[in-house]
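In what follows, a single structure is set out as structure tokens and then discussed.
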Amino acid sequence: MLYGYGFGWVLVSLALAYHCIRSGRPWWWILVIGMVPPPFGWIAYVIFAVIPDVFGSASARRFTDNVSTMADPGRSYREKLHEVERVGSADAKRALAEECIKRGLFQDAVELYQGAMNGPIGDGDPTLLKGIARAKLLAGDGPGAAAAYEKLRAMDRAAFDADTELDYARALHLAGRTDDALRQYETVVPRYPGEEARCRFALLLKQLGQTERARALFREIIESVKHAPSYYRTRQREWSRIAKDELAS
């Protein structure tokens, strides 16, 4: 019986130590977990480290937001619209534009970003420029989106992250700049953290008649997802399904 308790204590301590390391907590928490007599070290760690993580984490905030949205789907939009009407600041318009994108109101988002960029900040804010570029892309304005992304890249290279690189490739394709789109996909695919870029590149190659190369990329997606952890397979399910459908056709 004592052996069983001892083994259980070890497992609990290891689990908490693992959480400590993964969450980037100070190393001395591991000493608290391992050296303070159970369960006092565990309780201290749970109270001062685990619970704040749970209630302050992005996932917890998203869960709260989702519950509010389900209870009143239009609340967030109304609140942000009221803020634009009340204050009319660039930040209020940006927040409402982001809400419009969530709701598929892409042209409304474009107009809101344009309104925000006409203010004192002008078009020198990378956040606003990235927002209007994405809104134009989703609204189907390929040339406008591509031009905005190129201006953003020249203004602030650090703002041109992997997602933005992918959206730029999509904008180039939408604008009919096929050769530029191919080069951009070649750049972003090797460093994009997921299968979306590879899948969109393969679909473009197929559209251009480069069938074998496209199929090779679809097979890479299947292999990548097959041997990945379950959380990755879940996140990449859409692109894996498209790859499978394309290989089966």
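Based on what the data block shows, is residue 233 modelled with pLDDT of 95 or more and either part of a helix (DSSP H, G or I) or assigned by TED's automatic domain parsing to the domain that holds residue 151 (or both)? When the stated conditions are applied, residue 233 does not pass them.
Of all residues in region 174-185, none are of a type in the set (Phe, Trp, Tyr), closer than 15 Å to residue 132 by Cβ and at pLDDT 95 or above.
Restricting region 161-173 to residues that are among the hydrophobic types (A, V, I, L, M, F, W, C) and modelled with pLDDT of 95 or more, the residue that is nearest to the chain's Cα centre (by Cα) is 166. Scanning region 236-246 for residues that are polar (S, T, N, Q) and part of a helix (DSSP H, G or I) yields a total of 1. Considering region 56-85, and only residues there that are of a type in the set (Lys, Arg) and touching a helix residue (DSSP H, G or I) at 6+ places or on another chain (Cβ under 8 Å), the residue that is modelled with the lowest pLDDT turns out to be 75. Selection of region 200-222 for residues being surrounded by fewer than 18 Cβ atoms within 10 Å (Cβ to Cβ), assigned to a helix (DSSP H, G or I) and either among the small types (Gly, Ala, Ser) or at pLDDT below 95 (or both) yields only 216.
Within region 127-160, the set of residues being surrounded by fewer than 21 Cβ atoms within 10 Å (Cβ to Cβ), more than 20 Å from the chain's Cα centre (by Cα) and not acidic (Asp, Glu) comprises 140, 142, 143, 144, 147, 151, 154, 155.
The values are calculated or read from the model by the stated rules, or taken from the named source; none is laboratory data. Computed from a predicted structure; not experimentally measured. For neighbour counting, all protein chains shown are included, and Cβ atoms are generated from backbone atoms with ideal geometry for every residue, glycine included.
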